[in-house]
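See below for the structure under consideration.
The values are calculated or read from the model by the stated rules, or taken from the named source; none is laboratory data. Just so it is clear, the model here is predicted, and its values are computed rather than measured. Note: ideal-geometry Cβ built from the backbone for every residue, glycine included; neighbour counts use all protein chains shown. The area values use the complete protein model at the heavy-atom level, side chains included, leaving out ligands, DNA and RNA. Shrake-Rupley method; radii C 1.70, N 1.55, O 1.52, S 1.80 Å.
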Amino acid sequence: MTVIINDKGFNADDWTTPITPAAELAANDAGNGLAIDLPSDAEPYDLEGRLDGIDMIRIDFPSFADGRGFTIAAQLRRLGFHGRLRARGHVIADQYAMARRSGFDEVEISDELAERQPEAQWLRRANWQDHSYQNRLRG
């Protein structure tokens, strides 16, 4: 099982359609409910021109020390992706603000990680907009 985390805390997964691995995405795939899984070494520009037909992209974090997913998320947002963007895997509570700033809407973690890092630890980082480096300089 997994836990979905957003600015309101722990939630159940409400995504109901299948999620397709990016490598299996057909050239003509598009439409309501299309979701894809991107590995941490994906090239976001490969999806350019197809983003309007994708409703959710889930980016893998194989290790909490692997920050490539943050870069991928920011690139997808700059390319114009407006759908749901989810980080999945080894993201820790201390990285939540960075995940949100780079464009993620939510984080998906295992039940085991949720036990080690309870909801209160994630909620302490839910005010990510108020405590950014830029806001501290302005403050």
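Before moving on, here are some points about what is shown:
- With Cα atoms, 0 to 90° folded angle of helix 68-78 axis to the chain main axis: 70 degrees
- Using the rule -39500 (n - 2.57) for each DSSP H run of four or more residues, divided by the residues of the chain, the 222 nm mean residue ellipticity is -6000 deg cm²/dmol.
- Charged side chains reduced to their Cβ positions (Lys and Arg at +1, Asp and Glu at -1) give the chain a dipole of some 780 debye around its Cα centre.
- Apportionment of accessible area to carbon and sulfur, the chain, percent (1.4 Å): 48 percent
- Considering only the chain, percent of DSSP beta bridges that pair antiparallel, nearest 5: 30 percent
- Label of the coordinate-derived value, percent of Cα pairs over 24 Å apart, listed as [x] 71; [y] 29; [z] 43: [y]
- Exposure rank, largest accessible area first [Arg50, Arg58; 1.4 Å]: Arg50, Arg58
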